[in-house]
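Everything below concerns the one structure shown next.
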Amino acid sequence: MGIVLGNIIAIYRRELQSYFASPLAYVVASIFWLLSGFFFAAILLGPEGVIQQTTQLDLNGQRLGQPAVSIDVPYEFLRIFLGVLGSLALFVLPILSMGLYAEERKRGTLELLATSPVTNWAVAVGKLLGVLTFFITMVLPILAFEAIGFSYASPPVQPSVPLLGHLGLILLAAGVLSLGMFISSLTESTILAAILTFALVVFLWVIDVIAKNLTGPVAEALSYLSLLQHYNNFVRGIFDSSSLIIFVSYIVLGIFLTAQSIDALRFQRS
Amino acid sequence: MIEVEHLSKIYGSTSAIQDVTFSVEPGEILGFLGPNGAGKTTTMRILAGYLPATSGTARIAGFDVHEQSLAVRQRIGYLPETPPLYPEMTVEGFLYFVARLKGLPAGDRTRQINAAIERCHLQEKRRVLIRKLSKGFRQRVGIAQAIVHDPPAIILDEPTVGLDPRQIIEVRNLIKSLAGSHTIILSTHILPEASMTCNRVAIINRGEIIATNTPENLESGLEGSGYELEIDADASAAQQLQALPGVRQVESILAVSSQGSIPLKENRTCLRVTSEPGTELGRDIVSALVGMGVGVYEMRRTHATLEDVFLELTTEEKNWEQTGGGEEAVVEP
């Protein structure tokens, strides 16, 4: 067990290092930060932003002599902002996961991994943890923006709600990255892996839309399988263990399929 | 140490190797010699556990490469055809990664990595990014990753491909220095490499092993060893030499230098005396010539090289099969 853990750590460190050495990763992170910073400012402070709208509602209420409606501004902001951040992440994740195996296949380093005393699933787990850590690094500065913003809120914001929302974001990312890793293991072309993973993301999004607009058992089943629905639960501050189980199932499925695909890759050449 | 029995590998309808059987004793270097596309890489990959065989068994240190893959993978170092390197890592960082991957205990890592770096003469490159290394250094890093965990068996697929002559000599010396404590199997299509580095050579062509022996035996088992003479005599001397015991053939040849054939001086003859396998004619030829009162200007021993063995064996194969595709007869010097 100790050896397996050591292997996972070795793979994890190498994977993480390769992201920090890759110009592409910095470009992706910069664009992600730029856009999320823009949305942060626009949603909080912009003319259509949460604060403006709340002020408008208050003023309207005073003019009409109605009692002021109580609006939890930090909560409203977080709900909208994390929704946007989730969509933004869906665009970024295929680019992060595309090289996980495709690059190894192209360089021939898969032959090193496959002939070392490491199991396929240990490699997959190490790689997934590596790319997920990089994604978490991308999310950290955004948490800092929020912490600064929320420090001005009165009454103070309970940290559990934003933390749960971000946990949801990370679980969503892990699910998509895990499936993206599997897609990456199917091809030697990183571009093809990115396109196919993006197609998968669009497919997940379509499932979500269908689930929202339909009723009946099919819609219910689809909404249960939709990663985005479960993400929204987390964002709203609802911790539902079934949501957690769905996320973990997607992650495990991705790892399992990756390990199988690498096994099949070695056998199919027979 | 390495036992391969009746190994076959079929890709779709074409068979890459058929019924390959050989074994490598502990501490030995076996050269796997064959033209491009003969099935060398396929055999190496099966041994390393990267590909499963269609039929037959291969065992390393008593473990089946397919059934007990993990146990085998712990005991081998493998250099694939293209060295598996991560360009964004430094040489040292990469070797640490491989050492962890191979499950080397933390306490031994630094020592073993230093030893591998030293053996492969990578000292001044240890903190250089692999991306910035030349082909020769990359190949050496590839060898270093194969030996970093000090495995009992080392599998090297074309270890000297793409190196300059000096680097080739260094890599050969490195491989020779590893023998004894390690069992090595290396593949090559370069003939002198096999004869210089290996204790034994297995010649593979079109997926089948056609000969396994020491380079010396392979060479001496071949016709064509003997002497070339330049003497001042006419054809009658040739008849007398032909009568000596152990002489297979005496033929008249033109004196040839690297510039082409040299015109012979008056009354001189060039002869090639070919011996029966395993006989030594030097003494007899000299005493016969002296007995005849013939002057000797040059006497040179000629060897059949592994190249001749190789050409003879692979050409024979070609004649049997009546193909004439020609690709298997390509031999790089």
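Quick notes on this one:
- Burial ordering of B:Val4, B:Val247, fewest other beta-carbon atoms within 10 Å first: B:Val247, B:Val4
- Charge tally in the Cβ shell below 10 Å around B:Thr41, where Lys, Arg are +1 and Asp, Glu are -1, B:Thr41 excluded: -1
- With the simple model of a label 7 Å out from the Cα in the direction of the Cβ, B:Gln239 to A:Leu5 spans 9.1 nm.
- Beta-bridge orientation, the protein assembly as shown: approximately 65 percent antiparallel, per DSSP, counting only bridges with both partners inside.
- Contour minus Cα-Cα distance for A:Leu167 and A:Ile210 (0.36 nm per residue): 12.9 nm
- Mean-position separation - Cα centroids, the range A:84-147 and the range A:154-183, in angstrom: 16 Å
- Neighbour net charge for B:Val24 - beta-carbon separation under 12 angstrom, K R +1, D E -1: -1
- Counting only Cβ charges, +1 for Lys and Arg and -1 for Asp and Glu, the dipole size of chain A around its Cα centre is about 500 debye.
- Long-range amide H partners of B:Thr302 with built H, under 5 Å: B:Gly226, B:Tyr227, B:Glu228
- Axial C-alpha extent at least 30 Å, average Kyte-Doolittle at least -1.0 - helices from chain A (DSSP): A:23-45, A:73-97, A:120-150, A:160-184, A:190-213, A:241-268
- Three-way shape label, the range A:22-128, alpha-carbon gyration tensor, a/c 1.5: prolate
- Magnitude of the charge dipole for the protein assembly as shown, about its Cα centre and with charges confined to Cβ atoms of Lys, Arg (+1) and Asp, Glu (-1), is about 2220 debye.
- Relative exposure of A:Tyr152, B:Tyr50, A:Tyr231, judged by other C-beta atoms within 10 Å (fewest first): A:Tyr152, B:Tyr50, A:Tyr231
- Computed label-point distance, nm, for sites A:Leu88 and A:Thr55 using a 7 Å Cα→Cβ extension: 2.3 nm
- With Cα atoms defining each centre, the range B:17-71 and the range A:226-251 are spaced 49 Å apart in the structure.
- The alpha carbon gyration tensor of the range B:107-156 gives principal lengths a ≥ b ≥ c with a/c of 1.5 or higher and a/b no greater than b/c, which makes the shape oblate.
- Neighbour counts of C-beta atoms inside 10 Å place B:Asp234, A:Asp263 in the sequence B:Asp234, A:Asp263, starting with the fewest.
- With a Förster radius of 51 Å applied to the beta-carbon distance between B:Glu251 and B:Asp108, the computed FRET efficiency rounds to 0.25.
- Anchor A:Lys127: lysines whose Cα lies under 24 Å away (excluding residues fewer than 8 positions away in-chain): A:Lys106, B:Lys102
- Considering helices alone, the calculated mean residue ellipticity of chain A at 222 nm is -28000 deg cm²/dmol, with DSSP H runs of length four and up weighted by -39500 (n - 2.57) and normalised per residue.
- Prolate/oblate/rounded call for the range B:134-208, Cα gyration tensor, a/c under 1.5 rounded: oblate
- Within the range B:273-293: backbone nitrogen closer than 19 Å to the B:Arg301 label point (7 Å, Cα to C-beta): B:273-289
Every number here is computed from the coordinates shown, using simple stated rules; none is lab data. Everything quoted here is computed from the prediction, not taken from an experiment. Positions of Cβ are generated from backbone atoms using ideal geometry, with glycine treated the same way; all protein chains shown enter the neighbour counts.
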